[in-house]
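The next block holds one structure in the form of structure tokens; read it before the comments.
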Amino acid sequence: MKSFIIIALSLFVSVSVFGQEVEGIKFIKEDLAQAQTLAASSDKIIFVDAYTTWCGPCKMMDRTTFKDESVAKFYNENFVNLKMDMEKGEGPSLSKLYSVRGYPSLLFLNAGGELVHRSLGFQDGEKFLKLGKSAFDPNQQVITLQKRFEAGEKDQDFLLNYADALTLAGMDGYEEATQAYIDQEKDWNTPKNVKVLFDYSKASIQSSLFQYMIDNKDLFESQIGSEKVEAKISFAAKSDVRSMQVDANDKEVLTAHFAKYFGTDSAKEKATGYYLNNLMYAPGEINEQKYLSEVQLFMATNPTLNSQSLNAHAWRIYELSEDRLLLSQAESWINKSVELEKNSFNLDTQASIQYKLGKKAKALKSAKESIKLAAEEGSDPTATQELLVKINALR
């Protein structure tokens, strides 16, 4: 019995060294000073997993990427690994210091706390291992590349490597690198250059490289794919509404704005969609009624909406209306959303609407599938679990 206790205690100590399981990356938690001390004494770089508790992709990396055997071996051997909740303790000040714009932000610091490399967003094991190897190599660190560019280096392979590093890091400057590359090319329409212009042009009509894509949309769609091109143009149009201070409540002004990106034929549809999205959560009963009166016609006349838009409008109907006819219409929208792209979020919406309509069997099926997918995605299933209790109470 005594030997069993000793073994159990030794296991507990080994598990608790960094407040993390033995398997996977071993993290120090919420203590940059300790990480800096260890980095200085071991001559290592600090990897910072900058996360928030509500970030689904952060949780997914915890469950998958950070547990990958080859990833864990490389990071444990070559970095001091630090987990920082960016919304508590020193997290907010670090978020400001390192210009964190989204989560997860994957930061690499030297022992003095200076940023040397970074990336943004979910990464699987293969991509994350590649990122670590770039961060480990002083010649590939984004800060080193930045200094080389500022010193005037114009080799085309270097410029593309630099543009790619900046894009992955979520940092500005990639368009300048792309411009320096493309200025050396006689023919911008080769397959390679089309991809370069698509990947590394800034998504804004104020960018001459992006405008080139709009002017040659057919060429880009044939080589990149119409959905990807449409998505980038749509992102630019919506972002520019905010940056150019376009009146989102004026459909005519919006239509003129979207015509610059999509042409006159589809500008009205795009403008109406943006107007409704803006109106969807505008405060006040008048805005709610205006949304309810306009969304039905929009949905009926735009059969090609994507899964996310269908889900968003169906959910808002669930929140605002008790009318069974309108809820039935919303059910048809969310059913189409699930057909196009099934995920825990639209399945939760589907279950919610079915619950309101009293369709217990269907609601149970949707809710259970949503909870199952949430576990796979790393998203929080709490709301759906609470809904499941209500569904079970239906007669």
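The values are calculated or read from the model by the stated rules, or taken from the named source; none is laboratory data. Quantities reported herein were computed from a predicted structural model and do not represent experimental measurements. Every residue, glycine as well, gets a Cβ built from its backbone with ideal geometry; the counts of neighbours run over all protein chains shown.
If you go through region 288-304 and pick out every residue that is within 15 Å of Gln329 (Cα to Cα) and either assigned by TED's automatic domain parsing to the domain that holds Ala363 or assigned to a loop (DSSP other than H, G, I, E, B) (or both), you end up with 2.
From the list Asn216, Asn193, exactly one residue is within 19 Å of Leu166 (Cα to Cα) and at pLDDT 95 or above. Which is it? Break it down into steps so the answer makes sense when it comes.
On the way: Asn216 fails: within 19 Å of Leu166 (Cα to Cα).
Going through Asn216, Asn193 in turn, just one is within 19 Å of Leu166 (Cα to Cα) and at pLDDT 95 or above: Asn193.
Checking region 269-282 against the condition returns a match, with at least one residue being assigned to a helix (DSSP H, G or I), modelled with pLDDT under 95, touching a helix residue (DSSP H, G or I) at 6+ places or on another chain (Cβ under 6 Å) and closer than 20 Å to Gln350 by Cβ.
Residue-by-condition table, conditions (1) within 14 Å of Leu129 (Cα to Cα); (2) part of a strand (DSSP E or B); (3) not assigned by TED's automatic domain parsing to the domain that holds Asp380:
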| residue | (1), (2), (3) |
| --- | --- |
| Thr37 | no, no, yes |
| Ser41 | no, no, yes |
| Ile46 | no, yes, yes |
| Val71 | yes, no, yes |
| Phe74 | yes, no, yes |
| Lys83 | no, yes, yes |
| Ser95 | no, no, yes |
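Every test in (1) closer than 24 Å to Glu377 by Cβ; (2) in a loop (DSSP other than H, G, I, E, B) is passed by Gly112 save one, and that test is (1). There is at least one residue in region 200-209 that is outside the structural domain of Asp164 (by TED's automatic domain parsing) and surrounded by fewer than 16 Cβ atoms within 10 Å (Cβ to Cβ). In the condition set (1) modelled with pLDDT under 95; (2) part of a helix (DSSP H, G or I); (3) not aliphatic (A, V, I, L, M), Asp172 is compliant with all but (2). Quick check: anything in region 217-235 outside any helix (DSSP H, G or I), crowded, with 16+ Cβ neighbours inside 10 Å and over 21 Å from the mean Cα position of the chain (by Cα)? Looking for residues that are outside any helix (DSSP H, G or I), crowded, with 16+ Cβ neighbours inside 10 Å and over 21 Å from the mean Cα position of the chain (by Cα), one finds none in region 217-235, hence no.
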